[in-house]
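To keep things clear, I will list the structure first and then write my remarks on it.
The values are calculated or read from the model by the stated rules, or taken from the named source; none is laboratory data. These numbers were taken from a predicted model, which means no experiment stands behind them. Cβ placement follows ideal geometry from the backbone for every residue including glycine, while neighbour counts extend to all protein chains displayed.
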Amino acid sequence: MLALKFSVIFFLMLYSWLGQAQLLKYQVFKSKKEIGTMTVSRVSSLSEVIYENITEVRYKILIELEIKYVLQETFEQGILLRGHGFSSLNGSKKITYDIVKKEEGYVLRSDDILQRISFETIMYSAAKIHFEEPRDRQPVFSQHFATYLDFKEINPHYYLLTSPQGENYYRYENGICTEVTVIRDFGTLYFNLMPESYVIINTTDSLDNK
């Protein structure tokens, strides 16, 4: 956990010299017990915007489980250029995937299996969810599922995203995600934005994302 904090700080310091960095931190709860954190960053330079999500949780069902999820994607002029992600269980990687834009569509590698994604350009993806509020029925691309999923607005600034694994609910304020509820077979996880991250909600950049 300490190494993760240093890597995030180094990442933000490095790119702050080149552009603008924003950081969102969330506490993760299960059954009212804090079990981990999610750190999401957006770093803007002159030509690129890099989004990164690092989630680490630890909880016990029959045995203790330590789960880590990492997603990083790079955009230029609003178009996804490349991305990388993985998830691990107790230190062992379970799923690894990479995506690269080509002249015609994208190439996605998932666990060493290559597949072509026919979408000409990808503009909105899972990496952007926390910094950019979606619209009702807006599709969002997922590297993990290698396809688009659709948001459904069920209340003002409150959305449902359904995937093959379950349901996610997202709440937004001034374009920034403040709460996430993840419903899975093993239970429900709650992601709450930490107080120190609320300063971003009142910035000009966040207002532009509404």
For Ala21, which of the numbered conditions (1) buried (at least 16 other Cβ atoms within 10 Å of the Cβ); (2) at pLDDT 95 or above fails to hold?
(2)
Evaluation of Pro156 against (1) at pLDDT below 95; (2) of a type outside the set (D, E, K, R); (3) exposed (fewer than 12 other Cβ atoms within 10 Å of the Cβ) (one fails), failing number:
(1)
Single condition Gly175 does not satisfy, out of (1) in contact (Cβ under 8 Å) with a residue 24 or more places away in the chain; (2) in contact with a Leu (Cβ under 6 Å, 6 or more places away or on another chain); (3) small (Gly, Ala, Ser)
(2)
Are there any pairs, at least 6 apart or on different chains, whose C-beta atoms fall under 8 Å, with the first in the range 125-149 and part of a strand (DSSP E or B) and the second among the basic types (Lys, Arg), and if so, which?
Val140/Lys128
Can you tell me which residue is surrounded by the fewest Cβ atoms within 10 Å (Cβ to Cβ) among those in the range 76-103 that are part of a strand (DSSP E or B) and among the small types (Gly, Ala, Ser)?
Ser92
Exception for Gln27 within (1) in contact (Cβ under 8 Å) with a residue 60 or more places away in the chain; (2) surrounded by fewer than 19 Cβ atoms within 10 Å (Cβ to Cβ); (3) under 14 Å from Phe131 (Cβ atoms) falls at (3)
Which one is surrounded by the fewest Cβ atoms within 10 Å (Cβ to Cβ), of the residues in the range 30-43 that are on the phi < 0 side of the Ramachandran plot and of a type in the set (S, T, N, Q)?
Thr37
Please state which one of Glu73, Glu120, Glu48, Glu133 is surrounded by 19 or more Cβ atoms within 10 Å (Cβ to Cβ), out of contact with any helix residue (DSSP H, G or I) (no Cβ under 6 Å at 6 or more places or on another chain) and among the charged types (D, E, K, R).
Glu133
